[in-house]
Structures are given as structure tokens and as C-alpha cells.
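S.K.: Shown below is the structure under consideration.
No lab work stands behind these numbers, since they all come straight from the coordinates. Every value quoted in this text rests on a predicted model; they were computed, and no experiment measured them. Using ideal geometry, Cβ is built from the backbone for each residue, glycine included, and neighbour counts are taken over all protein chains shown.
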Amino acid sequence: MPQAQQQLTPADVNEIARRALRSVSQRMKQQIFSQNGLQNQNQITVKANNVGLITGYWVNVVLTITNGSAVQINRTDFGPANALSNIQMNDMQNVQRINVPGWYMHFLNSAKMGRAFGSAMVRTTGFDSPIAYDAQAINQISAPATIAPAGTGTVNMWYYVPCAYSRDDLRGCIYGNVVNATMQLTLALPGSNGVSVAVQNGLDSTLAMYIGNVAGAVALATITAATVTVFQEYFALFLAIFEDDPGGFQPHIQQLDDVGELHLLQAP
């Protein structure tokens, strides 16, 4: 007797849809926002580009810290991870998918990558290469270890804000080819949500980028310049590949259960 055809499970159908998407799509990273002079704004709102299948956002924050106090300030253990006090993302149905501090997002990024997120190899003894794989060659996360009184320092921080669970696991991705709907990121700088640019020596510095090296007020350590740049990561859906059936890609989207799931990140 002929064997009965094996029934596809929902997971099988979803995996087939994933493979079909990858075979006819191109993973893209597009700049959607870049603005300087943001040092006096506690919150920055970035609207998504309604295109493709959105998997996440890369956020670059560059801050100039001016130490107007009378004491030197030292970088804390979390340091530039506090370059954003909060990251919030609302989807096109105004569902709040993400609402976490910047340090939380950084350590989530590191856990998923299996190494310090935004780091680069540094040329030191035992690392033989004529190419400078360091901060001078790669725009990596960086922050000065100390800032002297009346001195300035530049903090460069990167975050990855995920819609999908991971690069290959697309649960939580968002179908962006829609009209009359908006999706946005809301980014908050230090000075809000309990996060400080600097705190006095002897205080808890978990939610601060810098701490005074000796007793003394550090209230005059402030952000005097701020630039935020955001890149959207998505799959570009090339429907024209289906020459005989231009609408042939739509069933794959409908069968992709990943779009119907929400990847929620909420700080306790």
C-alpha cells in the first residue's frame, strides 16, 4: 500500500515561508534618521520607513560631554551603555513592543552576540597585523576613561533595537509595506528616567556614564552636543521576481507566522 503523505505542521509551513522570503529578498540597511544639535531634547522621535519586512534598527549616539565641574570624572562600569536612558518602540498598531533602558538593550545585544557588543579587535602585543583593527579604523563603541575639569570627551555608542528575535529567527518581524500607519522609536538621552551624565563620588553610579573621582559636585558635567543616527534593517521584497504571477509572494507573507508574533522587551 502506498504510504500516506506526511502532513505539514504549522512550523513546517512557517519554515517554508521563511526560506521563500530569503530566496527572493535582499537584506537591507537604510539610514532613516540623522540629526545633530539634540543635546537639549530629552526625547527624540524617529518614524520608521514603511517598506519591506522590518527586522530591527541600528542606533548610533554620539555625545560630547563637557566637564564644567571642579573635579575629574571617571567612566563608570556601564559607561556609554547609559548614552540612552530609555528606548521605546511602538508598532503600526500602536502596540508598545519595547520599553527598556539603554544599558538593558546593550547587555541584551551582547548576550545574543556572545561577546561584547560593538567591540573591535585592538592591536596589542601578540596581535600581528599591519591593519589597525581598532577604534581608529572601526566606528566602535568608545568613551574616554577620564574627563578633566573644564575638559571635554566624546562618547560613541551603538545599540541594536530588534523587532525579530534574531537574524535568522524572524518571529516578531513587522510587515512594513502598508499605508496610513506609523511606527516609531522614541529615544531618551541622559538627564531623564533616572539616568545621569555624572554622579558624585560615593553615590551609586549604575545609572550614570561618569562619576567624580573625589568628593565634589559634578552637576556641571553636561552634554553639550548630541547626534543621533538610525538605520532600519529589513528584507526588501522583490515581487517582480514572480514574472508569471506578480502577486505570488503574498501567500508566503500570509503563511509566515513570524509576522503574527510579538517580540516584547519590557523592563521590570
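S.K.: Taking the conditions exactly as written (loosely packed, with under 15 Cβ neighbours inside 10 Å, farther than 21 Å from G151 by Cβ and not acidic (D, E)), does S23 satisfy them or not?
M.R.: Spelling it out, S23 is indeed loosely packed, with under 15 Cβ neighbours inside 10 Å, farther than 21 Å from G151 by Cβ and not acidic (D, E).
S.K.: Sort through A150, A164, A198 and tell me the only one that's crowded, with 21+ Cβ neighbours inside 10 Å, touching a strand residue (DSSP E or B) at 6+ places or on another chain (Cβ under 9 Å) and assigned to a loop (DSSP other than H, G, I, E, B).
M.R.: A164
S.K.: Output the residue which, of all residues in the stretch 177-202 that are of a type in the set (G, A, S) and closer than 18 Å to P144 by Cα, is nearest to the chain's Cα centre (by Cα).
M.R.: It comes out as S196.
Conditions (1) of a type in the set (D, E, K, R); (2) touching a Gly at 6+ places or on another chain (Cβ under 8 Å); (3) more than 17 Å from A225 (Cβ to Cβ), marked per residue:
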site	(1), (2), (3)
S69	no, yes, yes
R75	yes, no, yes
L84	no, yes, no
N99	no, no, yes
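S.K.: Name the pairs: first residue in the stretch 40-62 and assigned to a strand (DSSP E or B), second residue of a type in the set (G, A, S) and surrounded by 24 or more Cβ atoms within 10 Å (Cβ to Cβ), Cβ to Cβ under 6 Å, at least 6 apart or on different chains?
M.R.: Correct list of pairs: V61/A83.
S.K.: Pairs please, first residue from the stretch 157-186 and closer than 14 Å to N90 by Cβ, second anywhere and surrounded by fewer than 23 Cβ atoms within 10 Å (Cβ to Cβ) and basic (K, R), Cβ atoms under 7 Å, 6+ apart in sequence or on different chains.
M.R.: T182/K47; Q184/K47
S.K.: Another one. Given the condition surrounded by fewer than 21 Cβ atoms within 10 Å (Cβ to Cβ) and touching a strand residue (DSSP E or B) at 6+ places or on another chain (Cβ under 6 Å), answer yes or no: does some residue in the stretch 185-192 qualify?
M.R.: yes
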